[in-house]
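Just below is one structure, and these are the notes that go with it.
The values are calculated or read from the model by the stated rules, or taken from the named source; none is laboratory data. Because the structure is a prediction, the values reported are computed rather than measured. Neighbour counts run over all protein chains shown; Cβ positions are idealised from the backbone, glycine included. Ligands, DNA and RNA are stripped out before the accessible areas are found, and what is left, the full protein with its side chains, is counted by its heavy atoms. Shrake-Rupley method; radii C 1.70, N 1.55, O 1.52, S 1.80 Å.
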Amino acid sequence: MKAFKYRIYPTKSQQEVLESEFGAVRWAYNYYLAANRDLRAIKERRMSFVEMTTDLARLKMTDEYRWLTRAYAQSLNQAIKNLMDGYTRHKNGQSRAPVFKSKHDLNKACYYPQGVKFKGRKIHIPKLGLVKIILDRYCLGKIKTVILKKTPTNKYFVSILVDDGAEQPNLNKTIPCTI
């Protein structure tokens, strides 16, 4: 696996879609963080990933939360996965408990686990369309995950994780050494 980071230049309308996407991802994370806190207080357990994604699909069908259908479903599911990973890291003593994400957080991100393709000097991102990208080097291999980020300086970047098919070196193998 190799990771590549590129600068992208979305149009004004694409930036509006991205802001909506960032908001939906933050909302899903915060909604299920609150739901799990409430459930934990009552039943001493948390919702599983499957329970949360099933509930999210149910919420999208209601009139109140129909706006969630405009967001990429896999980005919303990834927000729930990130929440679950936060719980796991906290349980293992690697970090503090997950906290709510602020609307005013300067670093924003959303995930696209599939459906991203290069087309010339542009990249096709689901729900966004073709976006201008600056390719200073090519990434060869199968695209695994794409993370779209917005920096505090209002610049947009895309990080692409690629499986290049190369064999992973065995770092646990001991190499005999002669002196």
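Observations
- GNM top mover of I133, I143, I42 - the chain, alpha-carbon springs below 10 Å: I42
- The slack in the chain from S102 to D63, taken as 0.36 nm per residue of separation less the alpha-carbon distance, amounts to 11.5 nm.
- When the chain is treated as a Gaussian network with alpha carbon springs shorter than 10 Å, the biggest mean-square fluctuation among M61, M84, M47 belongs to M61.
- In this structure the chain gives 65 Å² per residue of accessible area when probed at 1.4 Å with all protein chains present.
- Label assignment, Rg and Dmax of the Cα atoms in Å derived from the structure, set (i) 19.3, 74; (ii) 18.7, 64; (iii) 15.4, 48: (i)
- Here the calculated FRET efficiency for C139 and Y9, from their Cβ-Cβ distance with R0 = 25 Å, stands at 0.85, rounded to the nearest 0.05.
- Counting only DSSP H runs of at least 4 residues, each contributing -39500 (n - 2.57), and dividing by the residue count of the chain, the helix-based mean residue ellipticity at 222 nm comes to -12000 deg cm²/dmol.
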